[in-house]
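Written out below as structure tokens is the structure these notes cover.
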């Protein structure tokens, strides 16, 4: 038999380490090319790498989805991490990013039982992922809040705010912020009312610490629009359809957001 090419060996090793099913290469074809060491056959030594990848994947999952692990328990989290890994094998060099589609996966038929027991789980996954992305974001120096005073009344409608990369918002029909914050407690200490408690949340980073805080439905709506890079005038036009628009503390909101360093800059271009 002709010696296999380097590409064929690499493909086979990848299928063994990731435990891919249906690979076209026979194990026997490469068995003789594996180097035994310390009395251990090469095939068994390859299995150590496969097991190590699975363990590291679950460890990375645990770091990102700490609250989900706390809620569903170690055993079901282990099953979830492995089921997700089979469905979405990582192709990224950084295992932190392997769980980016967990919120979506939790809505799939594979997770019907989990979502039946914990219907808020997909939203909780969204929050934890946004927290992770905020932590790893490359923020720059914040805009000087005094710059807002430079904007003329005529220019306010055209302004487009440029947010720090760590800033995001989310809304949920469930009190996911309360659930996330309870992840450090013992299970006996947790007493969260889940009924009719929607929450809108602002996520950002202050220094090296990610901040998550409750915001009103109206400020969530406005921030979501501004984060999509539309002008303030367009955002306010959309917000005008909500009740009590005239009484909203818009100036106080912008002052608070600027003081928190959410804005990186702004521009007044029409594009």
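The values are calculated or read from the model by the stated rules, or taken from the named source; none is laboratory data. Computed from a predicted model, the values in this text were never measured in an experiment. In this analysis, Cβ positions are derived from the backbone assuming ideal geometry, glycine residues included, and neighbour counts consider all displayed protein chains.
With the requirement that a residue be over 19 Å from residue 136 (Cα atoms) and modelled with pLDDT under 80, what does the range 76-90 give you?
89
Specify the residue that is surrounded by the most Cβ atoms within 10 Å (Cβ to Cβ); the eligible residues are those in the range 183-207 that are out of contact with any helix residue (DSSP H, G or I) (no Cβ under 6 Å at 6 or more places or on another chain) and assigned to a strand (DSSP E or B).
So the residue we want is 204.
Hey, among 142, 89, which residue is touching a residue at least 12 places away in the same chain (Cβ under 8 Å), outside the structural domain of residue 266 (by TED's automatic domain parsing) and either part of a loop (DSSP other than H, G, I, E, B) or over 28 Å from residue 163 (Cβ atoms) (or both)?
On inspection, the qualifying residue turns out to be 89.
Can you name every residue in the range 157-175 that is outside any strand (DSSP E or B) and in contact with a strand residue (DSSP E or B) (Cβ under 6 Å, 6 or more places away or on another chain)?
159, 164, 166, 167, 175
Among residues belonging to the range 105-117 that are part of a helix (DSSP H, G or I) and surrounded by 14 or more Cβ atoms within 10 Å (Cβ to Cβ), point out the one that is nearest to the chain's Cα centre (by Cα).
105
For the range 221-230, does any single residue satisfy the condition of being in a loop (DSSP other than H, G, I, E, B) and touching a residue at least 60 places away in the same chain (Cβ under 8 Å)?
Yes, some residue in the range 221-230 is in a loop (DSSP other than H, G, I, E, B) and touching a residue at least 60 places away in the same chain (Cβ under 8 Å).
Given the conditions (1) out of contact with any helix residue (DSSP H, G or I) (no Cβ under 6 Å at 6 or more places or on another chain); (2) on the phi < 0 side of the Ramachandran plot, which single one is not true for residue 123?
(1)
Can we say residue 214 is modelled with pLDDT of 90 or more, surrounded by 15 or more Cβ atoms within 10 Å (Cβ to Cβ) and at negative phi?
Judged against the criteria, residue 214 is not a match.
Check the range 245-259 and report whether any residue there is in a loop (DSSP other than H, G, I, E, B), in contact with a helix residue (DSSP H, G or I) (Cβ under 7 Å, 6 or more places away or on another chain) and modelled with pLDDT under 95.
Yes.
Hey, residue 147 hits all of (1) under 23 Å from residue 63 (Cβ atoms); (2) in contact (Cβ under 8 Å) with a residue 12 or more places away in the chain; (3) out of contact with any helix residue (DSSP H, G or I) (no Cβ under 6 Å at 6 or more places or on another chain) but one; which does it fall short on?
With (1) under 23 Å from residue 63 (Cβ atoms); (2) in contact (Cβ under 8 Å) with a residue 12 or more places away in the chain; (3) out of contact with any helix residue (DSSP H, G or I) (no Cβ under 6 Å at 6 or more places or on another chain) applied to residue 147, the lone miss is (1).
Would you mind stating whether residue 160 is buried (at least 16 other Cβ atoms within 10 Å of the Cβ) and over 22 Å from the mean Cα position of the chain (by Cα)?
When the stated conditions are applied, residue 160 passes them.
Exactly one condition in (1) at pLDDT below 95; (2) over 15 Å from the mean Cα position of the chain (by Cα); (3) part of a helix (DSSP H, G or I) is not met by residue 154; state its number.
(3)
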